[in-house]
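Worksheet for the structure shown next.
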Amino acid sequence: MRLASLVKPLLRVNIKSRTHVVQNYATSASEVEEIAFDTKDYVDFKKQLRQQNIYNKDGHTCLQLECRLCECNNKNTNKRETQPAKTNAAIQLRSVLHGPLAYINKRTGAFLCPSCDVKASLSQALAAYETQKYLAITKEQYTSRFPNLISVTPEACEVLGLRGLKESQLNGIGAHLEPEQQLLVFPLHNAANKVVGEKVLNLNNRSEQTYQGSISSGLLIHGAQNKNKAVLVSNLQDFIVLATQPLETHCIICLPYALQLLPQESLPALERFKELVFWLHCDSSSWDAARSLAQKMDEKRCLLIRPTETEPAPHLALRKRLNLRHILAKATPVRHKSITTFNALRNEILSELQNIEKVNGVKWKRFPVLNKLLKGHRKGELTILTGPTGCGKTTFASEYSLDLALQGVSTLWGSFEIRNTRLAATLLRQFVGYPLDDKLHEFDHWAKEFERMPLYFMTFHGQHPLKPVLEAIQHAQYVHDISHVIIDNLQFMMGVSSFRGDKFWEQDSIIAAFRDFATKHNVHVTLVMHPRKERIEDELTTSSVFGTAKATQEADNVLIIQDKRLTSVRGKKYLQIAKNRYSGDLGIMPLDFDKEALSYASSAHRLRSQKAVPK
């Protein structure tokens, strides 16, 4: 029963946020339940605003309006203006409002009020505005984890190694020093300018961590309130460099969790900016992440400094004595209406050539043969995994995804055939390396470690139509920045749609939808599929995948588990890479199963990665 707590029940769209720790960030700000978005509620809500003469404004990602959901904001109800003058400026908008500014996310429908810490569903907000009743809320006041902060010292400033940096500049941008642990601490603010967390830079090893409350999520912003342009960076070193430079036209913003996650609670703080410039590291993985985040922030206002050696990250540009203003002036739009010339693609091609290893994708640590053949795990691709019944497709897929999740690849599991509790138990056992049945005293330790990984689970089980599944996946990609989706298996989405026609046509439509999603949202999709019924002695091929040829035509990678143990005493089981669109390399990877660890990883890797038993 205790293991079931790892698989948390999910709401209408089957996704629930939780504490999220990966690599260099510590906790997610969004632990409250996410909300399904009903467009009818949105239309009804806007009608209600018009009926009550409540002024509202469409922003880039949110609808902005006056918050009337908590009692403290309604004391001056009778004094409110019934017909405030219309204006486009955020500052003037605030001047005609008597209550704080609230936001409705136009993609998820989440109602957010940074001033009074209200987060509600759109239907809850609609009911509250209709009845003019207040929502019962729990106030959350963030308390610093570092009570003994002091001003930055010259010694701490010197440790950073940034040319020309003075302690007065660090103090001026809000930095404080924790002297015992040698930490630089920066406050994170939400859209109401409330401190909701802290971002910390360890001066000893340059690692970063983020601490935030359970409801809000803030940003580190330096610059005047009247600026409508901003530069977005992914780490504190780059933030310090740009914030201490005389860039009069732009605010400087440090993302809370680098490029791994941008909670929707952070978006209201970006609403006032008409232009957002991503200035990231010189690698294509950063470029990919920037384009994904730009979709969340509204691509039309986003620009990108293309990552090349002549336009590196800010702290590297300072070290090379490059002109930061000139680099900033070279920012180009993330989205192009059309690309028709080589010149438009030139910087992208140069970036790939200069960072070919990173372009190849995330490398597996448990499966070095996959790195040799597939080169890596890349966003925007479609992988099909097939094999005979009982060959271990789900067990392999779980370890395949676990390997990537350990390296920060946010993964959403859609397990239609196996319940989430059993799937999570398999993942946990592969993570630990041995069964916990007779070592229950270790469970809490390993469960806590396992929860740090960016793994999410859909609660669909059995047959389900495509539409709600895709809606859940799109919600997860937007809210949790998912970069890998696994569907096990595709046949469970067939036969339950409103279409009662040819089953092969239905499967082709499902595959086309996942192909389109992978390309449009830059997410890697792995589909587990059953093969056609073949003679047991025959090897499976790409033509053995159930259905028409569309599945293998659309796929970038086709992986087949061949199980020769069924036809030969000395037969082996191996993974065959039957299609590889990226590099064209084909081959096989032996699959030697360790029953104790439920692992297909090599014995050498299992010895290297064996985890210490907690005391």
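The values are calculated or read from the model by the stated rules, or taken from the named source; none is laboratory data. Because the structure is a prediction, the values reported are computed rather than measured. Every residue, glycine among them, receives a Cβ derived from its backbone with ideal geometry; neighbour counts consider all protein chains shown. The protein model used for the area step is the full one, side chains on, heavy atoms only, and it has no ligands, DNA or RNA in it. Shrake-Rupley method; radii C 1.70, N 1.55, O 1.52, S 1.80 Å.
The table that follows gives values for the structure above.
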{"item": "Residue check, G197 in the same structural domain as R321 (by the TED database) and either open to solvent by 60 Å² or more (accessible area, probe 1.4 Å) or under 28 Å from R321 (Cβ atoms) (or both)", "result": "no"}
{"item": "Boolean, I253 is β-branched (V, I, T), buried (at least 22 other Cβ atoms within 10 Å of the Cβ) and without any contact (Cβ under 8 Å) to a residue 60 or more places away in the chain", "result": "yes"}
{"item": "Among residues of segment 556-600, those that are open to solvent by 20 Å² or more (accessible area, probe 1.4 Å), closer than 22 Å to T526 by Cα and hydroxyl-bearing (S, T, Y), counted", "result": "3"}
{"item": "Residue count, segment 182-194 (criterion: surrounded by fewer than 23 Cβ atoms within 10 Å (Cβ to Cβ) and in a loop (DSSP other than H, G, I, E, B))", "result": "4"}
{"item": "Leading residue by the ranking (modelled with the lowest pLDDT) among those in segment 462-498 that are β-branched (V, I, T) and open to solvent by less than 20 Å² (accessible area, probe 1.4 Å)", "result": "V479"}
{"item": "Candidate set: segment 297-316, residues that are hydrophobic (A, V, I, L, M, F, W, C) and touching a residue at least 60 places away in the same chain (Cβ under 8 Å); chosen: the one farthest from L219 (Cα to Cα)", "result": "A313"}
{"item": "Answer residue from segment 166-181, given it is under 16 Å from C254 (Cβ atoms) and assigned to a loop (DSSP other than H, G, I, E, B) and is least open to solvent (accessible area, probe 1.4 Å) among those", "result": "A175"}
{"item": "Test: residue in segment 518-528 that is modelled with pLDDT under 90, in a strand (DSSP E or B) and in contact with a strand residue (DSSP E or B) (Cβ under 7 Å, 6 or more places away or on another chain)", "result": "no"}
{"item": "Segment 423-442: number of residues that are part of a helix (DSSP H, G or I) and under 24 Å from K365 (Cα atoms)", "result": "10"}
{"item": "Sole exception among (1) touching a Phe, Trp or Tyr at 6+ places or on another chain (Cβ under 8 Å); (2) open to solvent by less than 50 Å² (accessible area, probe 1.4 Å); (3) at pLDDT 90 or above for A425, by number", "result": "(1)"}
{"item": "Test set (1) at pLDDT 90 or above; (2) assigned to a loop (DSSP other than H, G, I, E, B); (3) farther than 30 Å from E442 by Cβ - A597 fails condition number", "result": "(3)"}
{"item": "Residue in segment 386-402 that is open to solvent by 20 Å² or more (accessible area, probe 1.4 Å), modelled with pLDDT of 90 or more and within 25 Å of the chain's Cα centre (by Cα) present", "result": "yes"}
{"item": "Failed condition for D508, given (1) open to solvent by 10 Å² or more (accessible area, probe 1.4 Å); (2) out of contact with any Lys or Arg (no Cβ under 6 Å at 6 or more places or on another chain); (3) in a helix (DSSP H, G or I)", "result": "(2)"}
{"item": "Filter pass, V159 being more than 30 Å from D58 (Cβ to Cβ) and over 30 Å from the mean Cα position of the chain (by Cα)", "result": "yes"}
{"item": "Number of positions in segment 141-155 that are touching a Pro at 6+ places or on another chain (Cβ under 9 Å) and open to solvent by 60 Å² or more (accessible area, probe 1.4 Å)", "result": "2"}
{"item": "Selection count, segment 435-476, where residues are under 16 Å from the mean Cα position of the chain (by Cα) and without any contact (Cβ under 8 Å) to a residue 60 or more places away in the chain", "result": "2"}
{"item": "Number of positions in segment 443-470 that are closer than 24 Å to L404 by Cα and in a helix (DSSP H, G or I)", "result": "10"}
{"item": "So L101, is it buried (at least 18 other Cβ atoms within 10 Å of the Cβ), of a type in the set (A, V, I, L, M, F, W, C) and modelled with pLDDT under 80", "result": "no"}
{"item": "Near pairs, Cβ below 7 angstrom, 6+ apart or cross-chain, from segment 379-390 (part of a loop (DSSP other than H, G, I, E, B)) to any residue that is small (G, A, S) and open to solvent by less than 10 Å² (accessible area, probe 1.4 Å)", "result": "G380/A518; E381/A518"}
